[in-house]
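S.K.: Right, I'll just put the structure down here and ask away after.
The values are calculated or read from the model by the stated rules, or taken from the named source; none is laboratory data. This structure is a prediction, so every number in the text was calculated from the model and none was measured. Counting neighbours? That spans all protein chains shown, and the Cβs are built from the backbone with ideal geometry, glycine included.
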Amino acid sequence: MDVRTHRLLLVEDHEDTRHLLRRMLTLCGWEVVEAATIAEGLARLDPPPECVILDLQLPDGDGEAILRKIRSDALPTRVVVNTGLEDSTRLGEVSDLKPEAVLHKPVSSEGLRRICEPLSQG
């Protein structure tokens, strides 16, 4: 029997938010690896996760750097941006990098479930 592990990288600097998202994602069947900074997130891209839930506002800079790295290295990783940003111009720039979705904080469990359930099946 082939048992596939669905590895997801959760990049979020707020500990309470990270804990809540980890719990929700684990219930969706993901093995969750966490990072609180860009540096940690970049280090956890090897091996490439199946999916990344990415905050943009991180203590060491803009989380977009992780999305750019995933795209420039052509990693087989889906990216869901989870942000509190309201700046439509800025969000448009991020959308140009083609994340699978952009969720706005606070994310609902239903919104997250809709995004992650199709990804975690297979």
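S.K.: Which residue is surrounded by the fewest Cβ atoms within 10 Å (Cβ to Cβ), if the candidates are limited to segment 61-87 and must be among the hydroxyl-bearing types (S, T, Y) and touching a strand residue (DSSP E or B) at 6+ places or on another chain (Cβ under 7 Å)?
M.R.: T83
S.K.: Can we say E110 is of a type in the set (D, E), without any contact (Cβ under 8 Å) to a residue 12 or more places away in the chain and either surrounded by fewer than 13 Cβ atoms within 10 Å (Cβ to Cβ) or not in a strand (DSSP E or B) (or both)?
M.R.: So E110 fits the description; yes.
S.K.: Inspect segment 45-55 for any residue being in contact (Cβ under 8 Å) with a residue 60 or more places away in the chain and more than 11 Å from the chain's Cα centre (by Cα) and give the result as yes or no.
M.R.: No, segment 45-55 contains no residue that is in contact (Cβ under 8 Å) with a residue 60 or more places away in the chain and more than 11 Å from the chain's Cα centre (by Cα).
S.K.: Next question. Condition first: small (G, A, S), closer than 15 Å to H14 by Cβ and either surrounded by fewer than 22 Cβ atoms within 10 Å (Cβ to Cβ) or touching a Lys or Arg at 6+ places or on another chain (Cβ under 6 Å) (or both). Now tell me which residues in segment 35-53 satisfy that.
M.R.: A35, A36
S.K.: If you go through segment 57-89, how many residues are over 11 Å from L9 (Cβ atoms), modelled with pLDDT under 95 and not in a helix (DSSP H, G or I)?
M.R.: Of the residues in segment 57-89, 12 are over 11 Å from L9 (Cβ atoms), modelled with pLDDT under 95 and not in a helix (DSSP H, G or I).
S.K.: Also, I was wondering about something else. I'm told R23 meets every condition in (1) out of contact with any Lys or Arg (no Cβ under 8 Å at 6 or more places or on another chain); (2) more than 18 Å from L112 (Cβ to Cβ); (3) loosely packed, with under 14 Cβ neighbours inside 10 Å; (4) among the basic types (K, R) except one. Can you identify the failing condition by its number?
M.R.: Looking at each condition in turn, R23 falls short on (2).
S.K.: If the requirement is being of a type in the set (K, R) and under 13 Å from the mean Cα position of the chain (by Cα), which of these qualifies: R114, R78?
M.R.: Only one candidate qualifies: R78.
Listed here are the residues, each with its yes/no results for (1) closer than 17 Å to R114 by Cα; (2) surrounded by fewer than 18 Cβ atoms within 10 Å (Cβ to Cβ); (3) acidic (D, E).
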position: L9; (1), (2), (3): no, no, no
position: V33; (1), (2), (3): no, yes, no
position: D55; (1), (2), (3): no, no, yes
position: P59; (1), (2), (3): no, yes, no
position: T89; (1), (2), (3): no, yes, no
position: G92; (1), (2), (3): no, yes, no
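S.K.: In the list L42, L25, L103, which residue meets the criterion of being assigned to a strand (DSSP E or B), of a type in the set (A, V, I, L, M) and out of contact with any Pro (no Cβ under 8 Å at 6 or more places or on another chain)?
M.R.: When all the criteria are applied, what remains is L103.
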